[in-house]
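The values are calculated or read from the model by the stated rules, or taken from the named source; none is laboratory data. Bear in mind that the values here come from a model prediction, so they are computed numbers and not experimental data. Virtual Cβ from ideal backbone geometry, glycine too; neighbours counted across all protein chains shown. Surface accessibility is based on the protein's heavy atoms, side chains included, excluding ligands, DNA and RNA. Shrake-Rupley method; radii C 1.70, N 1.55, O 1.52, S 1.80 Å.
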Amino acid sequence: MATTIERPAAGERADAATRQPRLPGQGRHTLSRLALYALLSVFGVIAAVPFVWMILGSFKTGAELRQTPPTFWPQDPTLANYETILSDPDLPLALFYRNSLFVAVTVVIATLFTSSLLGYVFAKYEFRGRQPLFWFVLATMMIPAQVTMIPAYLILVQLGLLNNLWGLVLPSFVDAFGIFLMRQFMFSIPDDEIWSARVDGASEWRIYRSVVLPQLKPALATLGMLTFMFHWNAYLWPLIVLTEQDKRTLPIILTWYETQHTAQPNLVMAASVLMVIPVLIVFGLSQRWIVRGLTLTGTK
Amino acid sequence: MASATIERPRGRRRWLGGREGAQRRFVAVVLSPALAYMAVFLLLPIAWAILLAFFDFSSRRTGSPFLGLGLDNPYVGLEHFKRMFDFSSTAPLEVRQFHTAVKVTLLFAFLVLPLNLAITLPLAAMIESVRDRWKVLYRTVFFLPVLTSAVGVAIIWGFVLNPQRGLLNGMITRLTGRFTSIAWTTDADLVFVGIPVALIAIIVAYLWQDIGYNLVIFIAALQSIPDSVKDAARVDGASTWQTFRYITLPLLKPTILLVSVLTMISSFQVFDLFQVMTNGGPDDQTRALSLDIYESAFRYQRMGWAAAVSVVLFLLVLTISLVQSRFLKANWEY
């Protein structure tokens, strides 16, 4: 631990490549590096085990999962669980995927539009009350969902939007976090570009569309992915609004399916895997943006 | 840029004359619908929730004239709030459950926070010090649970903690050679240093899902510390630990505060894990405030009471938010 370290004389190139001060390879140091990788790998395995165990479980037979003590690797891997679920008449997965997709995609489109527009106005226009209004927007992020959910439910009842997917998405069209994120990104767009567009006679909407939006692509991608994930995984609000089975979204269907099949964990595991896959794909496509978006603001 | 010929905005605006009206119109057209929307879906519900807390509103009652207020739903004033302070053993069930819920929520939040920091901070420092390729790999592994819905997390941990066929009992059985069948989430008598094991199970699941998130934030903060600062300390003879303790840690302070408050606020509102993993059981040992509000409002149809409890939750979160805005103003203002 208490190794004193000299500045590396050689190895400047490695420095530049990894952003790390690469230190000369003395024996002691290599050993502590090995220990570091070993420790991190152990933590990584611990973090991954429940996930991996569930995925492996989805390829096991019901009989194998009822064995005690349980197995880790499938003894007799099978795709039967997936076949059963995908052909289950009580579980029209395509319908529930469609419901979930409708909710997530609608909210993503609306949020991207309103957030970029409002973020733009808050970042690039001067008007009276701008600062207090922006603080008001930020303050709404602190409101627990449990406070607004009872009145919001009563509003939906009055509007006749209970058991309606629109009732699910309607309260999410303006997102304080999105406005905040967009406003932050807006600072990288020079005022001069906006002003020269104005001088050229472009309307304000035209400037938003042709000058601002194209430069926001990374921000839009980040916010889009985060919003998609949030609404794909949402549970509490859909649980309240959607009481009819065929209107429900995947997380609620998953818990329902679990209570129906407590004796068949193999099926529940396969169902869980099926419902995680879209998010994994979305994450794979957008990993660097998401990490950047999270780190920029750090909002949960 | 074609900016060479253009002066500062203020002068230019006068020069552009009529353009200022167009800008003002644009701001008005963009802002007014958005603010109206936020009023309907955020301000109105809050005001309404506070108002509902003064009524004995139950949606089971027929013919509620105006959304739970008036006539059939009597005004009870501060009655709900007074009842919250009834600590006698004859207090109604919902009051005793409220007391339990406050206790569970505070216990959960104040256990989750230090544990979270104690895990994520060293882990982030370790990940930050490995090579880039490995960094991405580790970060991804720890981030996977963040992507999984809380419902998925709850179900995964349900499998791990299952008394008969769960992974955890299976491992204990293997290691000890004796069949073990501990009911981690359903045995009310299982208590570890005064904390119900069922609650600990939820804390573990929550941490498992949450550490990846804080990890990413910490790694980014660590990366923003210039290497030259740390190198200077090393040249001066500081050990790795001393560098971390006296250089890195103080520079991380704003991030630690940010992560602390965000984690605290979100841990007050966790619902999915509590409902799916234990549904408040055993014996209300894991009945968190969010679950209590949901059950009161939508299962027992005591919406007035639930609204009052939600106002209490709001006040708890608000207090923490005020602390947050005090500490984090610098982070938010650009």
(request) Being aromatic (F, W, Y) and under 16 Å from B:F26 (Cα atoms) is the filter here, so list the residues in the stretch A:183-230 that pass it. (result) A:W195, A:W205, A:Y208
(request) Could you grab me the full set of residues in the stretch B:123-156 that are of a type in the set (G, A, S), open to solvent by 20 Å² or more (accessible area, probe 1.4 Å) and free of Cβ contacts under 8 Å to residues at least 12 places away in the same chain? (result) B:S129
(request) Please work out if A:T114 is of a type outside the set (K, R) and farther than 20 Å from A:M186 by Cα. (result) no
(request) Output the number of residues of the stretch B:155-181 satisfying the condition of being closer than 16 Å to A:N266 by Cα and outside any loop (DSSP other than H, G, I, E, B). (result) 8
(request) Output yes when any residue across the stretch B:131-149 is among the aliphatic types (A, V, I, L, M) and touching an Asp or Glu at 6+ places or on another chain (Cβ under 7 Å), and no when none is. (result) no
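To keep it simple, each residue is scored yes or no on (1) among the aliphatic types (A, V, I, L, M); (2) at the interface with chain B (Cβ under 10 Å from one of its Cβ atoms); (3) open to solvent by less than 20 Å² (accessible area, probe 1.4 Å).
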{"site": "A:R248", "(1), (2), (3)": "no, no, no"}
{"site": "A:E258", "(1), (2), (3)": "no, yes, no"}
{"site": "A:H261", "(1), (2), (3)": "no, no, no"}
{"site": "A:P265", "(1), (2), (3)": "no, yes, yes"}
{"site": "A:L280", "(1), (2), (3)": "yes, yes, no"}
(message) I'd like to know if the stretch A:157-168 contains one or more residues that are at the interface with chain B (Cβ under 7 Å from one of its Cβ atoms) and not polar (S, T, N, Q).
(response) no
(request) Could you tell me which numbered condition A:T78 fails, if it satisfies all but one of (1) away from every other protein chain (no Cβ under 12 Å); (2) assigned to a helix (DSSP H, G or I); (3) among the β-branched types (V, I, T); (4) open to solvent by 10 Å² or more (accessible area, probe 1.4 Å)? (result) (2)
(request) Please list, ordered by first then second residue, the pairs with beta carbon atoms under 6 Å, 6 or more apart or interchain, first in the stretch B:253-281 and open to solvent by 20 Å² or more (accessible area, probe 1.4 Å), second of a type in the set (K, R). (result) B:L262/A:K300; B:S266/A:K300
(request) Give the stretch A:158-177 a look and list any residue that's open to solvent by 40 Å² or more (accessible area, probe 1.4 Å) and either aromatic (F, W, Y) or closer than 21 Å to A:S100 by Cβ (or both), or say none. (result) A:L162, A:N164, A:W166, A:L170, A:F173, A:D175
(message) Show the residue pairs meeting these rules: Cβ distance below 6 Å; 6+ apart or different chains; first residue within the stretch B:232-249 and aromatic (F, W, Y); second residue assigned to a helix (DSSP H, G or I).
(response) none
(message) Need pairs with beta-carbon distance below 7 Å; first residue part of a helix (DSSP H, G or I) and within the stretch A:281-292, second open to solvent by less than 50 Å² (accessible area, probe 1.4 Å) and at pLDDT below 70; sequence gap 6+ or separate chains.
(response) A:F283/A:I290
(request) Could you list all residues from the stretch A:64-102 that are of a type in the set (D, E) and either in contact with a strand residue (DSSP E or B) (Cβ under 6 Å, 6 or more places away or on another chain) or closer than 30 Å to A:T249 by Cβ (or both)? (result) A:E83, A:D88, A:D90
(request) Find the helices (runs of 4 or more DSSP H) located wholly in the stretch B:210-325 whose residues include 1 or more that are farther than 30 Å from B:V191 by Cα, and list them. (result) B:227-235, B:240-243, B:249-268
(request) Tell me the helices (runs of 4 or more DSSP H) entirely within the stretch A:191-242 that contain at least 3 residues that are surrounded by fewer than 22 Cβ atoms within 10 Å (Cβ to Cβ) and not aliphatic (A, V, I, L, M). (result) A:191-199, A:217-233
(message) Could you check the stretch B:197-223 and list, in sequence order, the residues that are at the interface with chain A (Cβ under 9 Å from one of its Cβ atoms) and free of Cβ contacts under 8 Å to residues at least 12 places away in the same chain?
(response) B:A220
(request) Look through B:F143, B:F108 and report the one residue that is at pLDDT below 90 and part of a helix (DSSP H, G or I). (result) B:F143
(message) Residues that are more than 27 Å from the chain's Cα centre (by Cα), within 30 Å of B:G281 (Cβ to Cβ) and of a type in the set (S, T, Y): does the stretch B:89-112 have at least one?
(response) yes
(message) Looking at the structure I just gave you, is A:F185 part of a helix (DSSP H, G or I), at negative phi, of a type in the set (A, V, I, L, M, F, W, C) and in contact with a Gly (Cβ under 9 Å, 6 or more places away or on another chain)?
(response) yes
